[in-house]
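Below is one structure, written out as structure tokens, with a few remarks after it.
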Amino acid sequence: MKRNFIEIPDFSRDEIFETFELAKELKQKTKQGIEHHLLKGQTLAMVFQKPSNRTRVSFEVGMYQLGGHALYLGPAEIGLGKRESVADVARVLGRYCDGIMARVFGHQDVLDLAQYAPVPVINGLSDLVHPCQIMGDMLTIIEHKGKAEGWKIVYLGDGNNVANSWVNLARFIPMTLVISSPEGFEPNAELVGRTQKAGLSEIVIEQDPQRAVANADVVYTDVWASMGQEQEADARKKIFKPYQVNQSLLNHASKECIVMHCLPAHRGDEITDQVMDGPQSVVFDEAENRLHIQKAIMVKLMKKN
Ligand code: CP
Ligand code: NVA
């Protein structure tokens, strides 16, 4: 049966850790120039309803490095659900391609692609979650801090798709996950409830950013207005200002704390230049790891035995 990666819980705990291991192996091979054409001759369709730098480039380069090919289909080409139904797009792409990666607005669209496509579907960001991002982020934490488990990870800002995927990962990897958002901008309550029920991690919703970052091992932030919320950007700037990741806030965290941001960053808003370019920032390692983790995810889903 074909598999999809729409949300982190589509993988078991073992599969999540196997993916980290495979990503490390593929990263090493890439750095050493060792060919690893595990998806030789395969094609990935990349459907984008929104802009992208990291997701688009890392999937395309990743397919090339795996001996395959990726096809960029932007909003003007496919007209997902407008020119043609999502189900028909899925059925047709599945006749040409071996996998589909999609970046969509409504999460239901990527679920529908997965339901109707005869090939694996990977979520490259929806309004609800951004699973490839958080898998790459945890790989970055493992590399910088030596292990996945047990850290105090503090997410500051909007309880958006990125925050929701952190909540999902905490269902499988024990951590203290502190989400510090203004009232009304908390992460998805249903996902929080499921992670709390799983009982592995502690999820803390702490409105006060200074209290939130006390002794943090990882401080994480993202844009205050996500793609599709551009018209709210000015209003949000006022609401989110106390959640800016700056040096004085970071002084409350652990000395070994690393700073992460999924990017693109709005420098001067959610993060200052000083922090982003400072010694604790791992944001570009994090961006690079999108390539390695997604190659591992594609191999797990698409490799033909
Ligand atoms: N972090 C991330 O997904 O970046 P892009 O929007 O540029 O793909
Ligand atoms: N929350 C952001 C993430 C961008 C990678 C957005 O959805 O625009």
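The values are calculated or read from the model by the stated rules, or taken from the named source; none is laboratory data. From a predicted model like this one, the values you see are computed outputs, not experimental measurements. Counting neighbours? That spans all protein chains shown, and the Cβs are built from the backbone with ideal geometry, glycine included. Calculation scope for accessible area: heavy atoms of the full protein, side chains included, ligands and nucleic acids excluded. Shrake-Rupley method; radii C 1.70, N 1.55, O 1.52, S 1.80 Å.
Some observations on this one:
- Principal axis dimensions, largest first and in whole angstrom, of the range 139-191 by Cα: 35, 19, 16
- GluC sites (Glu not before Pro) restricted to DSSP loop in the range 1-38 with at most 16 other C-beta within 10 Å: E35
- Restriction of the trypsin sites (Lys or Arg not before Pro) in the range 1-37 to DSSP coil positions whose beta-carbon has at most 16 other beta-carbons within 10 angstrom yields K2, R3.
- 15 Å beta-carbon shell around D208, net charge (K/R +1, D/E -1): -1
- Bridgeable lysines around K145 (alpha carbons under 26 Å apart, same-chain partners fewer than 8 residues away excluded): K24, K27, K29, K31, K255, K295, K300.
- E183 sits among other residues whose Cβ lies under 13 Å from its own Cβ, and their net charge, with Lys and Arg +1 and Asp and Glu -1, is -4.
- Kirkwood's formula applied to the C-alpha pairs of the range 41-193 gives a hydrodynamic radius of 16.7 angstrom.
- Annotation: the range 174-257 has a Kirkwood hydrodynamic radius of 14.1 angstrom, from the mean reciprocal C-alpha pair distance.
- The chain: calculated mean residue ellipticity at 222 nm from DSSP helix runs of at least 4, using -39500 (n - 2.57): -13000 deg cm²/dmol
- Peptides 61-72, 223-234 ordered by average Cβ neighbours within 10 Å, highest first: 61-72, 223-234
- Taking the convex hull of the alpha carbon positions in the range 20-103 and averaging its projected area over all directions gives 6.0 nm².
- Packing, as the average of other Cβ atoms within 10 Å across residues, places the peptides 87-94, 214-221, 36-43 in the order 214-221, 87-94, 36-43, highest first.
- The mean sequence distance of close C-alpha pairs (under 8 Å, at least 6 residues apart), as a share of the length of the range 139-262, puts its relative contact order at 28 percent.
- The equivalent ellipsoid that matches the C-alpha gyration tensor of the range 111-242 spans semi-axes of 23, 21, 14 angstrom, in descending order.
- Residues whose amide H lies under 5 Å from that of G99, counting only those 5 or more places away or on a different chain, are T43, A45; hydrogens are built 1.01 Å from N in the peptide plane.
- Per-residue ³J(HN,Hα) for the range 268-280, Karplus 6.51 cos²θ - 1.76 cosθ + 1.60, θ = phi - 60°, Hz, x for Gly and Pro: x, 9, 6, 8, 8, 4, 4, 6, 5, 9, x, x, 8
- Separation between Cα centres of the range 160-177 and the range 228-249, rounded to whole Å: 22 Å
- Expressed in Å, the radius of gyration and Dmax of the Cα atoms of the range 224-300 are 14.9, 43.
- Of the trypsin sites (Lys or Arg not before Pro) in the range 189-273, those whose Cβ has at most 13 other Cβ within 10 Å and which sit in DSSP loop: K255
- Solution diffusion estimate, µm²/s, Stokes-Einstein, the chain, Kirkwood Rh from C-alpha pairs, 25 °C, viscosity 0.890 mPa s: 125 µm²/s
- Residue (of P279, C262, M302) at the positive-pole extreme of the range 245-305, dipole from beta-carbon charges: M302
- Length-normalised contact order of the range 222-273 in % [C-alpha pairs under 8 Å, at least 6 apart]: 53 percent
- T30 accessible area, 1.4 Å probe, all protein chains in place, Å² to nearest 10: 40 Å²
- Phi angles across the range 177-193 convert, under the Karplus curve 6.51 cos²θ - 1.76 cosθ + 1.60 with θ = phi - 60°, into 3J(HN,Hα) values of 9, 9, 10, 10, 9, x, 4, x, 10, 6, x, 4, 5, 5, 5, 4, x Hz, Gly and Pro given as x.
- The range 197-305 - charge dipole about Cα centre, Lys and Arg +1 at Cβ, Asp and Glu -1, debye rounded to 20: 540 debye
- Point-to-point label distance, E256-L71, nm (Cα→Cβ direction, 7 Å offset): 4.8 nm
- Rounded accessible area of V282 (nearest 10 Å², 1.4 Å probe): 10 Å²
- Within the chain: Cβ-based charge dipole about Cα centre, in debye rounded to nearest 20 (Lys, Arg +1; Asp, Glu -1): 820 debye
- What you get for the range 27-123, charging only the Cβ of Lys and Arg (+1) and of Asp and Glu (-1), is a dipole of about 340 debye around the Cα centre.
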